[in-house]
Amino acid sequence: KKVDFVKSLNGMSEADLKAKIQEDELRLKKLSFAHAVAPLENPQSIRSLRRDLARLKTALRKQQLGF
């Protein structure tokens, strides 16, 4: 799953990456709030979303630097 996710990032434009980051940050906020109110069925989803967000930000930064 991770490898496919990383490969899909290579074809995305800077605007697409920014939009995906914004969308995932909102999803992370909602998940964290839902977990605070009532325990989630799968709390590991918060961790995986956080890591995907970091991968997106890294890909965006690489693109901005021209790597």
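Could you tell me whether the stretch 29-39 includes any residue that is surrounded by 13 or more Cβ atoms within 10 Å (Cβ to Cβ) and either touching a residue at least 24 places away in the same chain (Cβ under 8 Å) or outside any helix (DSSP H, G or I) (or both)?
no
Suppose we filter the stretch 1-28 for residues that are open to solvent by 90 Å² or more (accessible area, probe 1.4 Å) and assigned to a loop (DSSP other than H, G, I, E, B); how many remain? Here the count works out to 1.
Reported count of residues in the stretch 44-67, each being open to solvent by less than 60 Å² (accessible area, probe 1.4 Å), of a type outside the set (A, V, I, L, M) and either farther than 19 Å from LYS2 by Cβ or in contact (Cβ under 8 Å) with a residue 12 or more places away in the chain (or both), is 2. Given the condition at pLDDT below 90, in contact with a helix residue (DSSP H, G or I) (Cβ under 7 Å, 6 or more places away or on another chain) and not in a helix (DSSP H, G or I), answer yes or no: does some residue in the stretch 50-66 qualify? No - not one qualifying residue is present in the stretch 50-66.
The values are calculated or read from the model by the stated rules, or taken from the named source; none is laboratory data. Values in this document were obtained by computation on a predicted structure and should not be read as measured data. As a convention, Cβ positions derive from the backbone with ideal geometry for all residues, glycine included, and neighbour counts pool all protein chains shown. Please note that ligands, DNA and RNA were not included when accessible areas were found on the heavy atoms of the full protein model with its side chains. Shrake-Rupley method; radii C 1.70, N 1.55, O 1.52, S 1.80 Å.
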